Amino acid sequence: AFSVGQVRDCKMQTLRAPVASQTALRQQAQRPAFLKAAVRPVRRASVQVANAVHLDFNTKVFKKELVDFAGSEEYIVRGGRDKYPLLKDAFKGIKSIGVVGWGSQAPAQAQNLRDSIKEAGLDIKVSIGLRMDSPSVTEAEAVGFTKAAGTLGDVFDVISSSDFVVLLISDAAQAKLYPRILAAMKPGATLGLSHGFLLGVMKNDGVDFRKDINVVLVAPKGMGPSVRRLYEQGKSVNGAGINCSFAIQQDATGTAGDIALGWAIGVGAPFAFPTTLESEYKSDIYGERCILLGAVHGMVEALFRRYTRQGMSDEEAFKQSVECITGPISKTISTKGMVAVYNMLDDAGKKVFQEAYAASFKPAMDICLEIYEDVASGNEIKSVVQAGGRFDRFPMGKIDGTYMWKVGQKVRAARDEAKIPLNPFTAGVYIATMMATIEVLREKGHPYSEICNESIIEAVDSLNPYMHARGVAFMVDNCSYTARLGSRKWAPRFDYILEQQAFTAVDEGSVQDKEIISKFLADPVHKALATCSTMRPSVDISVGGENSSVGVGAGAARVEFRSAVAK
């Protein structure tokens with residue numbers, strides 16, 4: 001993170017910004033509020049998040065609905081293409097939307113918004129802001145954003161001219177550039193974030209947002225390629241897409257709530273649920289290091305080694321570990337829930353599941369709790385910012401070049417979906433780790449809508465299908481830099497603790513707390529997930545395999561690995 005002194009130094013860099021940015025800065029007070037250091041010390045302890053029913057929000061355009069999630073009432077707003085006529089009122093006064101960046105989320109959100117606005121018959125221009133020397137310029141042009149049409153421009157030109165700025169550059173770049181970005185925005189404009197990370201950075205720095213702008217969040221619970229793919233698939237069925245959380249951090253104009261909800265519906269959310277920026281960044285950064293990316297990556301490596309040591313062929317071990325999770329386990333959880341996986345097993349299989357679950361839950365929760373506390377304290381955010389500063393010397397390496405993932409290529413090439421096994425030991429380990437991810441969020445006060453989406457739905461409906469299609473790198477490296485860094489950092493921790501504690505306990509016959517399975521079967525999260533399932537995407541995501549272009553390309557998943565310097 002940057003010290004307050006560094007923030008002031010970065011402020012001085014605005015003297016080299018485009019003219020529009022300089023003008024915006026001169027219009028601010030001598031020392032804008034958002035650059036003033038807070039006198040209070042930065043709070044380090046994790047904060048309990050308010051029950052979502054108390055996260056009320058103002059909307060004059062959309063219908064709020066109170067939904068019961070396992071005995072906890074929470075507000076939601078339902079999406080769908082039939083809501084597009086409401087975008088006219090939600091985006092009243094907005095003539096230009098600037099989407100800044102072209103990473104995981106920006107291609108999907110920019111195209112979805114453009115398509116939705118066109119379908120609604122609105123005269124709102126959606127533009128992309130990039131560095132003009134960026135290789136992403138060609139990718140943006142490939143899907144119709146061009147300089148000639150005025151829909152592709154320099155980052156700060158787009159920011160200073162937009163009524164609604166959707167900031168989707170990497171978290172490390174946001175940490176570096178936010179003083180210039182905030183200074184460049186028009187008074188009364190809206191800053192849109194898809195991750196609360198920037199709030200965490202600014203809290204570490206002791207600074208605040210400008211008070212004359214709206215600050216809202218819409219966070220799709222899936223990586224960008226799945227946001228676009230499901231939107232495209234849903235064009236004929238009143239909208240498939242990825243659920244979104246939304247938050248209103250500042251409402252300077254009195255319209256921030258409707259702008260946020262219009263944005264969520266415009267990118268295709270089947271339903272949107274309220275959160276706060278703080279709650280979102282804690283649950284999101286935490287989740288992607290746990291069951292969404294880091295834990296599942298580490299887990300399958302540990303399981304593959306275990307099964308090969310037990311005498312399985314390499315191909316069979318890959319099927320019993322990776323294919324089992326990304327195939328029958330994920331598909332069953334997506335449509336029927338976690339308990340349904342257990343109920344699919346015969347009596348012998350249930351005993352194996354019980355032992356694997358009981359052995360894995362506590363070790364997994366140990367790492368999950370450590371991750372949450374590192375995120376809540378600001379340490380994990382600092383780690384991401386520092387890593388971004390090292391990319392020029394140490395770019396992120398590929399993660400799928402090891403022997404196991406080469407075996408996976410062969411297995412996927414010869415795959416018969418109907419013959420993918422449901423291994424009870426793999427199921428027990430995976431679901432125990434998913435439940436550990438859930439339990440920490442619940443202990444920390446997160447509402448069930450957020451828990452289910454961050455720990456379950458995003459895994460089985462968005463991320464795991466990409467690993468099923470092309471392997472772990474295709475899943476991890478189509479996500480944000482923050483997610484990619486987190487997966488690389490924490491996957492080995494899950495690998496080692498499962499190997500060292502869970503698997504040895506099973507092998508030695510020393511598994512403790514065997515009654516834990518009854519707690520799992522009766523856990524209220526299953527009812528909450530069932531409620532969420534009634535609002536799941538109307539179609540299953542479809543992603544092509546090794547030799548397919550389905551769901552791949554500009555606006556979907558990149559086919560080439562990239563690790564760029566955050567500038």
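The values are calculated or read from the model by the stated rules, or taken from the named source; none is laboratory data. The structure displayed is predicted, hence computed values, not measured ones. Cβ placement follows ideal geometry from the backbone for every residue including glycine, while neighbour counts extend to all protein chains displayed. In case anyone asks, the SASA skips ligands and DNA or RNA and just uses the protein heavy atoms, side chains included. Shrake-Rupley method; radii C 1.70, N 1.55, O 1.52, S 1.80 Å.
See the values below:
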read-out	value
Stretch gain in nm, segment Lys60-Thr534, where the contour uses 0.36 nm per residue and the Cα spacing is subtracted	168.1 nm
Ratio of the Cα radius of gyration of the range 175-314 to 2.2 N^0.38 Å, where N counts its residues	1.34
Gained length - Gln310 relative to Lys419, 0.36 nm times residue gap less alpha-carbon distance	37.1 nm
Shape call, the range 369-523: gyration tensor on alpha carbons, a/c limit 1.5	oblate
Over 24 Å (Cα to Cα) - which of Lys221/Lys351; Lys63/Lys221; Lys83/Lys235; Lys235/Lys282 fall in this group	Lys221/Lys351; Lys235/Lys282
Inter-probe distance in nm under a simple model that places probes 7 Å from Cα toward Cβ, at Asp347 and Asp507	3.0 nm
Burial ranking of peptide ranges 63-74, 261-272 (average Cβ count within 10 Å, highest at the top)	261-272, 63-74
Relative contact order (%) - criterion: Cα under 8 Å, at least six apart; region: the chain	21 percent
Probe 1.4 Å, accessible area per residue of the chain, Å²	37 Å²
Helical contribution to [θ] at 222 nm, DSSP H n ≥ 4, -39,500 (n - 2.57), averaged over the chain, rounded to 500	-14000 deg cm²/dmol
Within the accessible area of the range 334-458 (1.4 Å probe), percent carbon and sulfur	49 percent
Cα long-axis angle, helix 256-266 against the chain (0 to 90 degrees, to the nearest 10)	50 degrees
Inter-site label distance for Asp392 and Ser134 at 7 Å from Cα along Cβ, in nm	1.8 nm
Convex hull volume per residue in cubic angstrom - Cα atoms of the chain	139 Å³
Percent carbon-and-sulfur accessible area, the range 167-296, ignoring ligands, DNA and RNA, probe 1.4 Å	47 percent
Which listed pairs, of Lys362/Lys406; Lys125/Lys382; Lys147/Lys398; Lys60/Lys118; Lys60/Lys95, have C-alpha distances above 30 Å, in listed order	Lys362/Lys406; Lys125/Lys382; Lys147/Lys398
Viscosity 0.890 mPa s, 25 °C: Kirkwood-radius Stokes-Einstein D of the range 62-133 over Cα pairs, µm²/s	171 µm²/s
Per-pair calculated FRET efficiency, R0 = 45 Å: Tyr496 and Glu546 via Cβ, rounded to 0.05	0.90
Gained length - Lys147 relative to Ser518, 0.36 nm times residue gap less alpha-carbon distance	127.5 nm
